[in-house]
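The values are calculated or read from the model by the stated rules, or taken from the named source; none is laboratory data. Quick caveat: nothing in here was measured; it's all calculated off a predicted structure. Note that each Cβ is placed from the backbone with ideal geometry, even for glycine, and that neighbours are counted across all protein chains shown. Only protein heavy atoms, including side chains, enter the accessible area calculation; ligands, DNA and RNA are left aside. Shrake-Rupley method; radii C 1.70, N 1.55, O 1.52, S 1.80 Å.
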Amino acid sequence: MGGRWIERWEPEDETFWREQGERIARRNLWFSVLAEHIGFSIWSLWSVMVLFMGPQYGVDPAGKFFLIATATLVGAFIRVPYTFAVARFGGRNWTVISALLLLLPTGLAFAVMEPGTSYGTLLLVAALTGVGGGNFASSMTNINAFFPLRKKGWALGLNAGGGNIGVPVVQLVGLLVIGTAGAMHPRIVLGVYLPLIAVAALCAALFMDNLAPVKNDTGAVREAVKARHTWIMAFLYIGTFGSFIGYSFAFGLVLQTQFGRTPLQAASLTFIGPLLGSLVRPVGGALADRHGGARITLLTFAAMAVAAGIVLYASVVESLTVFLIGFIGLFALSGLGNGSTYKMIPAIFLTQGHRKGLTGEAAEAYGRRLSGASMGLIGAVGALGGLGINLAFRQSFLTVGSGTAAFVAFLLFYAACMAVTWAVYLRRPAAVAPVPDTAAGVEPDRAPAEV
């Protein structure tokens, strides 16, 4: 419990925010982004390692999909305890600890990444990289506490987008290594990240802060678990973040397996989609701040269904060019939806506070409690969408020899997400009056159709 602690934190107080809060919050945001960025790179490490695994490793495409699916699964489940670690240890302290934990899977991968290593060993090391996925949950919970509601869309979008961009960066490092040293030297990638992990931990220790007012609220957690909107938003987040992380892990392997790309050819394309998806995530948050998260989310799912249809067509006719256009569109749209869905969470629970008869600071406090408690659960369930995508690809290649069947399933899922978004957050029954949101022009995604 040592380290730098701030005893008073009142971001909704405009005077406090202007005189000292904003400066402190922004400093913590930048170094949170750095640590989360490295965490995402390690979590997605095996999307790169499988590109180095030629025939001499003795692992077929189904086995490779299962390796990256295992990393996704562990990263999803570990998000729940990571969410509560922030209040227990402090945001700054936990960022240091969680960064240092990344040394374990990275060091082990450095030791075992060579032909002749058993598949069970590779599977265990891939599972350990899931700790990088937990960094997202703790980082988002921490940054959510630093910023006022009117700034959360931008701040959470930037924090998550900066973290998400760790996926294409590690893939770019993999491309550089394959293009220069060849596909027989995966340890170079790992050697790059070992010192970067140490730098992220050191920066967190030197420049971040712990917020004493942030406490684990078991009552809020129980209420969040019981709240239907926690699970509705988790379902929608499967469609946005689950798509982003699932496609990020699988894209290069799909290019190799379905379109016969070499490791260098696959690596030269793999990073483009995750990069775009990461860069537009803050845009999704900003658009949600301006126009309402549910509107942006609905439009995003509609566009994702169209993009999935394009990819499905390209898979059937075996057109790599059309496939790339559709797939990169899916990446960009999933990033946009990531930002808009996370913006919806605090607005929804603020609206619920108003519906309970709360006003002013009482309603805002209720919204902060419930949104903070629900974010870890929503993030964990959403990440399981990445597992579903990789398992769908694995089964599709096993049964029909291509990803076509998986793309049909993805299209249908996006249609379901559209229907849920409209029915719950945009359809306004005549008998239910909307509750205005007092937070700096942010509309609370309309009143839920059923509360």
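Axis of helix 243-259 versus longest Cα principal axis of the chain: the two differ by about 20°, to the nearest ten degrees. Given contacts defined as C-alpha pairs under 8 Å and at least six residues apart, what's the relative contact order of segment 1-159, whole-number percent? Computed value for segment 1-159: 38 percent relative contact order. Take the Cα of GLN56, go 7 Å toward its beta carbon, and the backbone nitrogen atoms of segment 248-270 under 19 Å from that spot belong to 262-265.
In this simple spin-label model, placing a label point 7 Å from the Cα along the Cα-to-Cβ direction at both VAL306 and LEU194 gives a separation of 4.9 nm. Here the gap between THR180 and VAL400, fully extended at 0.36 nm per residue and compared with their Cα-Cα distance, gives a gain of 75.7 nm.
In a solvent-free Debye calculation with one equal scatterer on each Cα, what is log10 I(q)/I(0) for segment 201-349 at q = 0.11, 0.13, 0.22 Å⁻¹, listed in the order of the q values? Relative scattering, expressed as log10 I(q)/I(0), comes to -0.55, -0.72, -1.25. To the nearest ten degrees, helix 187-207 and the longest principal axis of the Cα atoms of the chain are 20 degrees apart. In the full protein context, the chain carries 35 Å² of accessible surface per residue, based on a 1.4 Å probe and ignoring ligands, DNA and RNA.
Based on Cα contacts under 8 Å between residues 6+ apart, the chain shows a relative contact order of 23 percent. Which of rounded, prolate or oblate describes the chain when judged by the alpha-carbon gyration tensor and an a/c cut-off of 1.5? Oblate shape, in that a/c is at least 1.5 and b/c is the bigger or equal ratio.
Give the long-range amide H neighbours of LEU211: residues separated by 5 or more places, or on another chain, with amide H under 5 Å away, using H modelled in the peptide plane at 1.01 Å from N. The answer is ILE6, GLY91, ARG92. Look at the dipole of the chain built from charges on Cβ: of GLY403, GLY360, ILE178, the Cα furthest out on the positive end belongs to GLY360.
Under a model in which nothing but the beta-carbon of Lys, Arg (+1) and Asp, Glu (-1) is charged, the chain shows a dipole of about 320 debye around its Cα centre. With all protein chains present, how much of the accessible area of the chain (probe radius 1.4 Å) comes from carbon and sulfur, to the nearest whole percent? The computed percentage sits at 67. Between the Cα long axis of helix 320-355 and the first principal axis of the chain there is an angle of about 20°, rounded to the nearest 10. Longest span of the chain, sites excluded, free of GluC sites (Glu not before Pro) in DSSP loop with at most 16 other C-beta atoms within 10 Å? Counting at most 16 other Cβ atoms within 10 Å as exposed, the longest clean stretch of the chain is 8-317.
The trypsin sites (Lys or Arg not before Pro) found in segment 190-239 that occupy coil by DSSP, while having at most 15 further C-beta atoms within 10 Å, are LYS215.
Only helical runs count toward this figure. For the chain, summing -39,500 (n - 2.57) over DSSP H runs of n ≥ 4 and dividing by all residues gives -25500 deg cm²/dmol at 222 nm. Think of the chain as having a plus end and a minus end, set by charges on the Cβ of Lys, Arg, Asp and Glu; of PHE52, TYR425, ILE310, TYR425 sits farthest toward the positive end of this dipole. Here each label is just a point 7 Å from Cα along the line to Cβ, and for ALA416 and GLU114 those points are 4.6 nm apart. The distance linking segment 345-414 with segment 217-242 is 7 Å (Cα centroid to Cα centroid, whole angstrom). Here the simple spin-label model places points 7 Å from the Cα toward Cβ, and for ARG4 and TRP30 these points are separated by 1.2 nm. Taking the chain, how many lysine pairs are there with alpha carbons less than 25 Å apart, if each pair must be eight or more places apart or span two chains? Counting lysine pairs in the chain gives 13. The distance from the alpha carbon centre of segment 269-318 to that of segment 76-152 is 26 Å, rounded to a whole number.
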